[in-house]
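Novice: I am attaching a structure below and will ask some questions about it afterwards.
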Amino acid sequence: QKEVEQDPGPLSVPEGAIVSLNCTYSNSAFQYFMWYRQYSRKGPELLMYTYSSGNKEDGRFTAQVDKSSKYISLFIRDSQPSDSATYLCAMSYAGGTSYGKLTFGQGTILTVHP
Amino acid sequence: DVKVTQSSRYLVKRTGEKVFLECVQDMDHENMFWYRQDPGLGLRLIYFSYDVKMKEKGDIPEGYSVSREKKERFSLILESASTNQTSMYLCASKGWGSFRAFFGQGTRLTVV
């Protein structure tokens, strides 16, 4: 079983839709939870992060972490064609030499069509 | 802005060749990583380094080695390239105590 599982997608939605992207994980030692966005032919870039459980909002994006269920989500409100990209969840430990080692989900390809 | 530069965008190599992928970062980051990205499998960690000359195996180190002789440079070596190593290779760096990784643009390697 992979440490981090991400809904495979691909996902295609109309402009203005609310998008929900999800990941589950099995390792309770993960403390940092991140979402990276990767445009075509580019490297991933950090979109949002959360430490431990809770919600975090940044404009149209909301990240949620539920450590009791080992489940994280990214919500995109009023989705735009410019949001079309691959979204990768990533997780990290909080100490030791493995601190900062990122474990990624498989990625979900999102297309927002006008 | 942090810049992570990978030496090539595209590479075509023959089976059995020794292949070097180079990565340089300009922000004095302690941690550097090599991932490969394949459709449906996401990013898988090959090796990472948390200091000069220090390295740790990631999830899929078989068939690869790494070198970090200087802080800014992290090299991935395929000792004898095989067709199943055809992939997109991504280098990343991050500072100690930070969780934000910065990625290079990727090297698409094809082994024929």
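The values are calculated or read from the model by the stated rules, or taken from the named source; none is laboratory data. Predicted model only: the values in this text are computed from it and were never measured. No Cβ is skipped: glycine too gets one built from the backbone with ideal geometry, and neighbour counts run over all protein chains shown.
Novice: Of the residues that make up region B:71-80, is at least one surrounded by fewer than 16 Cβ atoms within 10 Å (Cβ to Cβ), within 14 Å of another protein chain (Cβ to nearest Cβ) and assigned to a loop (DSSP other than H, G, I, E, B)?
Specialist: For region B:71-80, residues surrounded by fewer than 16 Cβ atoms within 10 Å (Cβ to Cβ), within 14 Å of another protein chain (Cβ to nearest Cβ) and assigned to a loop (DSSP other than H, G, I, E, B): absent.
Novice: In region B:81-112, how many residues are outside any loop (DSSP other than H, G, I, E, B) and not charged (D, E, K, R)?
Specialist: Number satisfying all stated conditions: 16.
Novice: Go through region A:17-51 residue by residue and tally those that are in a loop (DSSP other than H, G, I, E, B) and among the basic types (Lys, Arg).
Specialist: Total meeting the criteria: 2.
Novice: Oh, and also: Within region A:42-73, track down each residue that is among the aromatic types (Phe, Trp, Tyr) and under 24 Å from B:PHE103 (Cα atoms).
Specialist: The answer is A:TYR49, A:TYR51, A:PHE61.
Novice: While we're looking at this one, here's another question. Give the residue, chosen from A:ASP83, A:ASP78, that is surrounded by 14 or more Cβ atoms within 10 Å (Cβ to Cβ), modelled with pLDDT of 95 or more and out of contact with any Ser or Thr (no Cβ under 6 Å at 6 or more places or on another chain).
Specialist: A:ASP83
Novice: Kindly check whether there is at least one residue in region A:56-65 that is within 11 Å of chain B (Cβ to nearest Cβ) and either of a type outside the set (Ser, Thr, Tyr) or on the phi > 0 side of the Ramachandran plot (or both).
Specialist: Checked region A:56-65: no residue is within 11 Å of chain B (Cβ to nearest Cβ) and either of a type outside the set (Ser, Thr, Tyr) or on the phi > 0 side of the Ramachandran plot (or both).
Novice: Hey, another quick one. Picking from B:THR107, B:THR86, which residue would you name as being buried (at least 16 other Cβ atoms within 10 Å of the Cβ), over 25 Å from A:TYR93 (Cβ atoms) and within 11 Å of chain A (Cβ to nearest Cβ)?
Specialist: B:THR107
Novice: Within region B:23-53, restricting attention to residues that are surrounded by fewer than 16 Cβ atoms within 10 Å (Cβ to Cβ) and more than 8 Å from chain A (Cβ to nearest Cβ), which residue is nearest to B:SER82 (Cα to Cα)?
Specialist: Among those residues, the one meeting the criterion is B:ASP38.
Novice: If you take the residues in region A:1-47 that are surrounded by fewer than 16 Cβ atoms within 10 Å (Cβ to Cβ), facing another protein chain (nearest Cβ under 9 Å) and within 13 Å of the chain's Cα centre (by Cα), which one is nearest to B:GLY40 (Cα to Cα)?
Specialist: A:PRO8
Novice: Here's a follow-up. Looking only at region A:86-107, count how many residues are more than 8 Å from chain B (Cβ to nearest Cβ) and modelled with pLDDT of 95 or more.
Specialist: 3
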